[in-house]
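Undergrad: Handing you a structure now.
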Amino acid sequence: MAFPRGQRRDFQRLQARRLRAVSLLEQGFSQAEVARRVGVHRQSVSRWAASVHEHGLGALQHQRAGRKPRLDGPALQRLEVGLRQGPQALGHSTPLWTALRVAELIRHQSGVRFHPDHVYRILQQLGWSCQRPVGRALERDERAIRRWKRHRWPTIKKKP
């Protein structure tokens with residue numbers, strides 16, 4: 001069954017279809033007839049029947065689509081604990097997480113290497129988002145900035 005690009009698969013519906021096919025096979029229908037009734041290729045019905053015969057109904061349980069994740073549930077929980085401790089716990093001088101620092105934390109904790117450009121997916125999965133620090137420099141002089149904007153900036157700004 002092909003799915004248009006961007007459309008998610010309904011795994012419960014697909015599993016219900018497999019179980020219905022097995023039920024029809026048990027009622028004595030041929031594989032070709034089951035395939036017609038369920039709307040799949042006969043080879044799929046044959047494969048499902050062989051799996052059930054060899055491993056039981058548990059073999060038809062929904063399998064995860066795509067590549068298996070390199071970080072499992074416990075590794076993600078450890079990562080979140082490490083993120084909450086802050087980058088200074090790893091020896092960094094500032095309390096700011098960067099993609100490089102998160103990738104380093106992942107490698108340090110689980111031995112899995114991620115390119116910094118792909119770390120954001122893991123952070124999104126954990127509910128973290130990219131944010132910029134809101135603080136300003138302590139040395140910032142607001143009066144000097146206002147004075148510069150009023151007097152100096154108009155003189156160096158290009159005229160229309």
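Here, each number is a calculation from the coordinates, and none is a lab measurement. In this text, all values refer to a predicted model and were calculated from it rather than measured experimentally. All Cβ positions, even for glycine, are placed from backbone atoms using ideal geometry, and neighbour counts span all protein chains on display.
Undergrad: With a sphere of radius 9 Å drawn around the Cβ of L90, what net charge do the other residues whose Cβ falls strictly inside it have (Lys, Arg +1; Asp, Glu -1)? Before the final figure, lay out the partial values.
TA: On the way: positive: R101; negative: E104.
Around L90, the charge tally is 0.
Undergrad: A further question follows. Within the set of other residues whose C-beta is less than 14 Å from the C-beta of A50, count the net charge using Lys and Arg as +1 and Asp and Glu as -1. Don't skip to the answer; put the middle values down first.
TA: Values: positive: R18, R42, R47; negative: E54.
Counting the neighbours of A50, the net charge comes to +2.
Undergrad: Roughly how many whole Å is it from the C-alpha centroid of the range 121-149 to that of the range 88-107?
TA: So the separation of the two Cα centres works out to 18 Å.
Undergrad: For the range 11-60, rounded, prolate or oblate, judged on the Cα gyration tensor with a ≥ b ≥ c (square roots of eigenvalues), a/c < 1.5 rounded, else prolate if a/b > b/c? Before the final figure, lay out each step's value.
TA: Working: a/c = 1.55, a/b = 1.15, b/c = 1.35.
It comes out oblate by the Cα gyration axes.
Undergrad: Next question. With +1 assigned to the C-beta of every Lys and Arg and -1 to the C-beta of every Asp and Glu, and no other charges, what is the dipole magnitude of the range 73-125 about the Cα centre in debye, to the nearest 20? Could the numbers behind the result be given before it?
TA: Details: 6 positive and 3 negative charges, 15 e Å.
Magnitude of the dipole: close to 80 debye.
Undergrad: Hey, got the Cα dimensions of the chain along the principal axes, in Å, largest first?
TA: Projected onto the principal axes, the Cα atoms of the chain cover 91, 48, 20 Å.
Undergrad: A follow-up question, please. Do any trypsin sites (Lys or Arg not before Pro) in the range 33-74 lie in a DSSP loop with no more than 10 other beta carbon atoms within 10 Å, and if so, which? Don't jump to the answer; show the numbers that get you there.
TA: Values: sites: R36, R37, R42, R47, R64, R67, R70; in loops: R64, R67, R70.
Listed in order of number, the matching sites are R64, R67.
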